[in-house]
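Below is one structure, written out as structure tokens; comments come after it.
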Amino acid sequence: MSEPPEQRKDPVDAIIDQWATVRPDLDTAAMEVFGRIHRLSRAMGDRTEKAYARFGIGRGEFDVLATLRRAGEPYTLSPRRLSATLMLTTGGMTGRLDKLERAGLLRRSPDPHDRRGLQVTLTDKGLELIDEAVGAGVAVQKEALSGLDTEQAGQLAELLRGLLRTTEGRQD
């Protein structure tokens, strides 16, 4: 037996109810969807940030290490390619690389194919850390989805894929 609708209310419902009172003419269906997406994103960002903190890294450092890991062996990319993938300025990337290099999680070396270029490579320590951190992050995400069965989670992923495709495709 499912809960009565009034017991399933969330903070977004309260906002929608307030708008319905002051602007009954306003169609708030999109606000319901994006309000929940926004709140979920914030909550999950905080949870994954805590999971990564156990490894001494934040989300920004995680992103750099994960990008190198996903590149496959030898886990090496140029700083320019890392910046482009993570949509960071070169200045922002330099700060992250400095911190990760000091921690022994990656190393910078001359690019053998370009005398002016550098390569960024995961160290063994960095590879071990990112594998553990990504596992911890995925565990947090799985726990958050535990209220959905496999079919529901798949449907949600498919719906969000379609929404993301149409949203990112528009250049307003």
Q. Using alpha-carbon pairs under 8 Å, 6+ residues apart, how would you state the relative contact order of the range 26-153 in percent?
A. 26 percent
Q: Specify the angular offset, from 0 to 90 degrees and rounded to the nearest 10, of the alpha carbon long axis of helix 59-70 from the longest principal axis of the alpha carbons in the chain.
A: 70 degrees
**Q.** Whole-Hz couplings from phi, Karplus 6.51/-1.76/1.60, listed for the range 81-86; x for Gly and Pro
**A.** 5, 4, 4, 5, 5, 8
Q. With axes computed from alpha carbons, what is the tilt in degrees of helix 11-22 against the longest principal axis of the chain, rounded to the nearest 10 within 0 to 90?
A. 50 degrees
Q. In a shell of Cβ-Cβ distance under 15 Å around Leu127, excluding Leu127 itself, what net charge do Lys and Arg (+1) and Asp and Glu (-1) give?
A. -3
Q.
When only alpha-carbon atoms are used, what values of Rg and Dmax, in angstrom, describe the range 1-71?
A. 18.4, 52
Q) So what's the angle, to the nearest 10 degrees on a 0 to 90 scale, between helix 90-102 and the longest Cα principal axis of the chain? A) 70 degrees
Q: Let me know the Kirkwood hydrodynamic radius for the chain, please, with Cα pairs as the basis and the value in Å to one decimal.
A: 19.3 Å
Q. Which residue, chosen from Ile57, Gly72, Thr28, occupies the Cα position most advanced towards the positive end of the dipole of the range 26-77, where the dipole is computed from +1 (Lys, Arg) and -1 (Asp, Glu) charges on Cβ about the Cα centre?
A. Ile57
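Bear in mind that the values in this text are calculations on the coordinates, not laboratory data. It should be emphasised that the depicted structure is a prediction, and the values quoted were computed from it without experimental measurement. Here the Cβ is made from the backbone with ideal geometry for all residues, glycine too, and neighbour counts use every protein chain on show.
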